[in-house]
Amino acid sequence: MDKLSEVLNHFSISAGVFYAGNLCGLSAFSEDGIEEGHLHLLEQGKMTVIDQDGSRILIDEPAVLFFPRPASHRLQAERRDNAQIICASVRYGTGTRNPLANALPPLIVIKLSSAPTLKAATRLLFEEAFTDNDGRLAMMDRLAEVFVIHLLRHVLEQDMVNEGMLAGLTHPKLSRAIMAIHASPAQNWSLEALAELSAMSRSAFAELFRQQVGQTVGDYLLDWRIAIAQNLLKKGRSVSWVAGEVGYDNASALARAFRKKTGQSPKQWLTASTTADS
């Protein structure tokens, strides 16, 4: 399986288009209590993006803006700016605190003139937005989800991340080790075994991994296992069953690792997560 598919196989992406039309005035997006990112597509016109610190970015040509994690921001445009936009929320299988969302920069801005595939995908979304076809809303949501995958492809192909999981997956030496962890989280991975997959010495591999990914191999493996466990718990699997799937001898061992990472037991986390989603 390829690098991105292995990740998406574990963390489903869902998107919901909640606005399509001309932006006039000020639209605000808050991070409070919302476990989702935001995707904004500008097809024509211009608008200004204002972040929580008041910094302003003028977008004056067709572009995509992606906040992969919750972030307070505002979009501003006057009527004469003729800003035609589509806005969508983006959710992941385990909320935004998962390896995929955390592997991305806080804000991604891509001019569509430099990304033909994203430009074509944007055109499909806008064509669907302004029709009266049956199933229009469902189609827009599905197209938005496909768009996010195109966006992640672009991020990988253009090497747009300097640290984190995606940076590791694009590294010629580290990618094999990281893909092995992703494919077999339950395996008792040793530093030596992962270094061998990367054709490196143990010490050189550990240092390169820390520099490129931003955390130690052990911390990364823990994060990945807990993220997979969260996804499985949300699908209704028992704690004891999940423990075996992610490399722990029993439910108690998983609970200790879970609490170390999240500060909660698996059941406490699941209750809180379910409440947040409702």
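Here are some notes:
- Flag for Q264 being of a type outside the set (A, V, I, L, M), free of Cβ contacts under 8 Å to residues at least 24 places away in the same chain, on the phi < 0 side of the Ramachandran plot and assigned to a loop (DSSP other than H, G, I, E, B): yes
- L232 out of contact with any Lys or Arg (no Cβ under 6 Å at 6 or more places or on another chain), assigned by TED's automatic domain parsing to the domain that holds P172 and within 19 Å of R176 (Cβ to Cβ): no
- Some residue of segment 25-36 being part of a loop (DSSP other than H, G, I, E, B), under 25 Å from M139 (Cα atoms) and in contact with a Leu (Cβ under 7 Å, 6 or more places away or on another chain): no
- Residue that is farthest from Q84 (Cα to Cα) [pool: residues in segment 120-139 that are crowded, with 17+ Cβ neighbours inside 10 Å and within 22 Å of the chain's Cα centre (by Cα)]: M139
- For segment 175-220, the candidate set comprises residues that are surrounded by 18 or more Cβ atoms within 10 Å (Cβ to Cβ) and β-branched (V, I, T); within that set, the residue that is farthest from S5 (Cα to Cα) is V217.
- Test: residue in segment 53-60 that is hydroxyl-bearing (S, T, Y), within 21 Å of the chain's Cα centre (by Cα) and in the same structural domain as E127 (by TED's automatic domain parsing): no
- Restricting segment 37-72 to residues that are in contact with an Asp or Glu (Cβ under 8 Å, 6 or more places away or on another chain) and among the small types (G, A, S), the residue that is surrounded by the most Cβ atoms within 10 Å (Cβ to Cβ): G45
- First in segment 112-132 and outside any helix (DSSP H, G or I), second anywhere and buried (at least 17 other Cβ atoms within 10 Å of the Cβ), Cβ under 6 Å, 6 or more apart: A115/H154
- Among the residues making up segment 52-103, those that are part of a loop (DSSP other than H, G, I, E, B), over 17 Å from E145 (Cβ atoms) and out of contact with any helix residue (DSSP H, G or I) (no Cβ under 7 Å at 6 or more places or on another chain) are Q52, D53, G54, S55, D60, P70, A71, S72, E78, N82, R97.
- Pairs, first free of Cβ contacts under 8 Å to residues at least 12 places away in the same chain in segment 199-228, second part of a helix (DSSP H, G or I) and of a type in the set (A, V, I, L, M, F, W, C), C-beta under 6 Å, six or more apart: R202/L191; R202/A195
The values are calculated or read from the model by the stated rules, or taken from the named source; none is laboratory data. Quick caveat: nothing in here was measured; it's all calculated off a predicted structure. Cβ atoms come from the backbone with ideal geometry, glycine included; neighbour counts cover every protein chain shown.
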